[in-house]
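Participant: The following block contains the structure, expressed as structure tokens.
No lab work stands behind these numbers, since they all come straight from the coordinates. This one's a predicted model, so the numbers in the text were calculated from it and none came from an experiment. We place every Cβ from the backbone using ideal geometry, glycine too, and count neighbours over all the protein chains shown.
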Amino acid sequence: MEQKLHSNNDFDVHSANSRRYIRLNFLIPSLLDMVDEKKIAIRPAVEISFLKENEQHLLLQELETTSFKVDMKKAEKMKEYSARKKLNSDVILQILSGNFFEKKAKKATAIKLPYKKISSLIDMSLAPNLVEDYIIKALEYYKLNNQ
């Protein structure tokens, strides 16, 4: 009998996916179970597989005691800290909670005031910075006298 060798194409598995699935073997069994249960997606799991075994146990402990999920951004950040030998349970918790990531500063919003409404209250021939100062002082005065 002739034995037929199968290629990845026979199973519709691309080489990148093959490498990902092989990489999952570096996960501790409990994390691999979470992948099987679809609690952790494949791509973040691949990133997690680069963590040391003790770091994976720390991650598992946090995942079991909190309701946090691991996404790609969090997995990449943990991998980065692991490579720098800076990953510990506190860092893992901060990453999982999302508190670790820089919050984008909110842009100051400009306030537009209708010219017709303020022109009767302010001398509009003043320079714009003086008009601004006048409005700020008026608001400060209002705040002090209406508390």
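Participant: How long is the gain from Ser97 to Asn54 if the chain were fully straight, where each residue apart is worth 0.36 nm and the alpha carbon distance is subtracted? Walk me through the numbers on the way to the answer.
Facilitator: Working: separation 43, 0.36 × 43 = 15.48 nm, distance 2.01 nm.
Separation in residues times 0.36 nm, less the Cα-Cα distance, equals 13.5 nm.
Participant: Same structure again: To the nearest 20 debye, what charge dipole does the stretch 7-147 have about its Cα centre, counting +1 at the Cβ of each Lys and Arg and -1 at the Cβ of each Asp and Glu? Mind dumping the intermediate values first?
Facilitator: On the way: 24 positive and 19 negative charges, 114 e Å.
That gives the stretch 7-147 a dipole magnitude of about 540 debye.
Participant: Of all GluC sites (Glu not before Pro) in the stretch 70-141, which ones are in loop regions per DSSP and have a Cβ with at most 11 other Cβ atoms within 10 Å?
Facilitator: Working: sites: Glu76, Glu80, Glu102, Glu132, Glu140; in loops: Glu102.
In loop regions of the stretch 70-141 (DSSP not H, G, I, E or B), the sparsely surrounded GluC sites (Glu not before Pro) are Glu102.
Participant: Looking at the chain as a GNM with Cα springs under 10 Å, which of Ala108, Ala41, Ala83 has the largest mean-square fluctuation?
Facilitator: Ala108
Participant: Find how much the distance from Ser120 to Arg23 grows on full extension, using 0.36 nm per residue of separation minus their present alpha carbon separation; answer in nm with one decimal.
Facilitator: Working: separation 97, 0.36 × 97 = 34.92 nm, distance 7.19 nm.
Roughly 27.7 nm would be gained on extension.
Participant: With θ set to phi - 60° and the Karplus curve 6.51 cos²θ - 1.76 cosθ + 1.60, what are the ³J(HN,Hα) couplings of the stretch 115-123 in order, to the nearest whole Hz, using x for Gly and Pro?
Facilitator: 4, 4, 6, 8, 5, 7, 9, 10, 6
Participant: Projecting each Cα onto the charge dipole of the stretch 33-137 (Lys/Arg +1, Asp/Glu -1 at the beta carbon, about the Cα centre), which of Thr66, Phe100, Pro114 comes out farthest on the positive side?
Facilitator: Among Thr66, Phe100, Pro114, the one farthest towards the positive end of the dipole of the stretch 33-137 is Pro114.
Participant: Further question: Of Lys52/Lys86; Lys39/Lys86; Lys52/Lys79; Lys39/Lys69; Lys52/Lys77; Lys38/Lys69, which pairs sit farther than 18 Å apart, going by alpha carbon to alpha carbon? Write out the running numbers ahead of the final one.
Facilitator: On the way: Lys52/Lys86 12 Å; Lys39/Lys86 25 Å; Lys52/Lys79 9 Å; Lys39/Lys69 8 Å; Lys52/Lys77 14 Å; Lys38/Lys69 11 Å.
Pairs exceeding 18 Å: Lys39/Lys86.
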